[in-house]
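Shown next, in structure tokens, is the structure this report addresses.
We did not get these values from a lab; they are worked out from the coordinates using the rules stated. These figures come from a predicted structure and were not determined experimentally. Here the Cβ is made from the backbone with ideal geometry for all residues, glycine too, and neighbour counts use every protein chain on show.
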Amino acid sequence: MSQDPDHRHHVRRVLLPSGRSIEVVYFDPPEPDALSGAELFPADPPSVDEDLHVCPECRAGLVYPLEWAECSHTQWEVERRCPNCEWQHVGRFDQDVVDRFDDELDRGTATVVRDLNRLMRANMEEDIERFTLALDSDAVWPMDF
């Protein structure tokens, strides 16, 4: 494959909200006097206490992302949904706000996994207890298997 000097490109490492990083190759970058995406689509007004996981309508802390994409070097476009009141919003947010949202999602995931493990253990203990009682009362026969 030949290198065409007219096709310029640059590579940039992008840190995803999940913590993983990828390399993105940009071909034919815009001229310096062209407007950047950040200028075309300004970020939502910043809030000092902005937490993307909190619903602005019902104040539930259950908001989750439906989709997110990088808009510029420092901003992300995030589509969010609240399962409590069905509120939805698409907005542009700075990297630090999205990082806090990603951290909160990780904490929520850890909580759900911990609760799931507790529930599975409780269910298994209940099943074992019932089976043990059935064995003790001779309610289990070889033909049951």
**OP:** Mind counting the residues in region 59-82 that are β-branched (V, I, T) and under 25 Å from R12 (Cα atoms)?
**Re:** 2
Original post:
Can you name every residue in region 90-142 that is outside any helix (DSSP H, G or I) and touching a residue at least 24 places away in the same chain (Cβ under 8 Å)?
Top reply: G91, R92, F93, D94
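Residues P65, P56: which one is under 18 Å from R20 (Cβ atoms), outside any helix (DSSP H, G or I) and in contact (Cβ under 8 Å) with a residue 12 or more places away in the chain? Break it down stepwise before answering.
Details: P56 fails: under 18 Å from R20 (Cβ atoms).
Going through P65, P56 in turn, just one is under 18 Å from R20 (Cβ atoms), outside any helix (DSSP H, G or I) and in contact (Cβ under 8 Å) with a residue 12 or more places away in the chain: P65.
Just checking, does region 93-104 include any residue being of a type in the set (S, T, N, Q) and either within 30 Å of V24 (Cβ to Cβ) or surrounded by 10 or more Cβ atoms within 10 Å (Cβ to Cβ) (or both)? Give the steps one after another, and end with the answer.
In the first step, residues of region 93-104 are kept if they are of a type in the set (S, T, N, Q); the result is 95.
Now narrow it down to the ones that are either within 30 Å of V24 (Cβ to Cβ) or surrounded by 10 or more Cβ atoms within 10 Å (Cβ to Cβ) (or both): 95.
Yes; the residues of region 93-104 include at least one that is of a type in the set (S, T, N, Q) and either within 30 Å of V24 (Cβ to Cβ) or surrounded by 10 or more Cβ atoms within 10 Å (Cβ to Cβ) (or both).
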Subject >> Failed condition for R80, given (1) surrounded by fewer than 17 Cβ atoms within 10 Å (Cβ to Cβ); (2) touching a Phe, Trp or Tyr at 6+ places or on another chain (Cβ under 8 Å); (3) within 17 Å of S18 (Cβ to Cβ) >> reply: (1)
